[in-house]
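Here's the structure, in structure tokens; my notes come after.
None of the figures in this text is laboratory data; all of them are computed from the coordinates on show. These numbers come from a predicted model, not from an experiment. FYI the Cβ positions are ideal-geometry reconstructions off the backbone, even for glycines, and counts take in every protein chain you see.
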Amino acid sequence: MKGELKTSFEEQEKQTHINALTAILTSKQQAIAQDRYLLSQIKSDYKEELINNNDNGKTVLIMHTQMIEYRINKTAYEISFYEGQIEGYVPCIYVRTEDDDE
């Protein structure tokens, strides 16, 4: 009986951790989507000349673009880390093959 309770508790703990990691992943994925949207808006505004097209404007645009791209890369790295954490809990992961399309 004690062994079953311990196993049940461990499973609940594991599921709680997986749920927390999944929430973090969702948040990180949303952050990347927002940054990509922001990046596309900045580039679009620049092309439409809504952003000052002088040398100072170009410098600021480059700095903001690099900062957003850095943030996207950093967040993507964090996503990989958290996915690795989840993979540690999951005994096997489904991998789609060409046979699945048939």
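Remark: the Cα gyration tensor places region 12-67 in the prolate category, a/c being 1.5 or greater and a/b exceeding b/c.
If you take every residue apart from Leu25 with its C-beta less than 14 Å away from the C-beta of Leu25, what net charge results, scoring Lys and Arg +1 and Asp and Glu -1? Net charge around Leu25: -2.
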